[in-house]
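As structure tokens, the structure follows; a few thoughts come after it.
No value in this document is a laboratory result; all are computed from the given coordinates. Note that this is a predicted model, so its numbers are computed, not measured. Note that we place each Cβ from the backbone using ideal geometry, even for glycine, and neighbour counts take in every protein chain shown.
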């Protein structure tokens, strides 16, 4: 006799809508009636905006209902409450495109975490405006696309980027120290599906040489901020921030070294939160169920 211990197929249901009574009861009843076991449930009412947010981790425990059937049948519940929602298979890797320039620490960290199975993603391509990191991509067998950007060809190269996004079915674009400002058009096209790592603890110390500015101000914390990309430079909804203590003995080069660590940590955590469907956009803020 052969005994199989196959793990039930897990899925995540994300919903957001205008807050009203009966939402939780409607969603949980819908899932229970179709043999779904809820292993994790988080909810939040934003009293400032009147929005309701909910995330449920489930698996089908009984019956023969499939995830596709659940998606089709959940439409009625969603319409009743005017929900924005998605039901995603937890096992399916998210398709992620990474953009870089010359700094390699964030890319190196993401590749390592991906190799170790910490990030459930499929890297569709590494796109860069420089050739410096091409060997790193090719060592991993990942497609590398060189798109040098000038004032004259910026829109043309952004259209080429979007062609790659569409061609590969990319769901998320990660700017892993990509040192080019995206146009307003591209920011709009990638709304809610592009994450940037900012080499500072936002808000503050914007522009060139943030660590030198921090040194001149005698800061006691060095930070980095991962946020969604918007047309307002470095003002997008914040997903994750990382800080480390420093003191008067830290010269700018030492601050840069500490900063690299905070950048890799903040970006990796933000990416993991997004992949696991834990992040909701709430205006210029985020709601995150950890």
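Summary of values
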read-out	value
Residue order, fewest to most beta carbons within 10 Å, for 28, 49	49, 28
Simple spin-label estimate for residue 162 and residue 112 in nanometres, 7 Å along Cα-Cβ	3.6
Listed peptides 259-265, 91-97 by packing density, highest first (mean Cβ within 10 Å)	259-265, 91-97
Residue exposure sequence - 186, 41 - by fewest surrounding Cβ within 10 Å	41, 186
Given [x] 17.0; [y] 19.1; [z] 13.8, the label whose value is mean projected area of the Cα convex hull in nm² derived from this model	[y]
Fewest-first ranking of 20, 42, using other Cβ atoms within 10 Å as the exposure measure	20, 42
Contact order relative to length of the chain, as percent, for alpha carbon pairs under 8 angstrom and 6 or more apart	15
Hypothetical label at residue 131: residues of segment 64-102 whose amide nitrogen lies under 15 Å (7 Å Cα-Cβ projection)	102
Label point distance in nm, residue 143-residue 233, each placed 7 Å from Cα along Cα→Cβ	3.1
By average C-beta atoms within 10 angstrom, highest first, the peptides 8-16, 143-151	8-16, 143-151
Top of 129, 196, 153 by mean-square fluctuation, Gaussian network on the chain, Cα under 10 Å	153
For segment 10-89, convex hull of alpha carbons as volume per residue, Å³	75
Cβ-derived FRET efficiency at R0 41 Å, residue 105 paired with residue 68, nearest 0.05	0.50
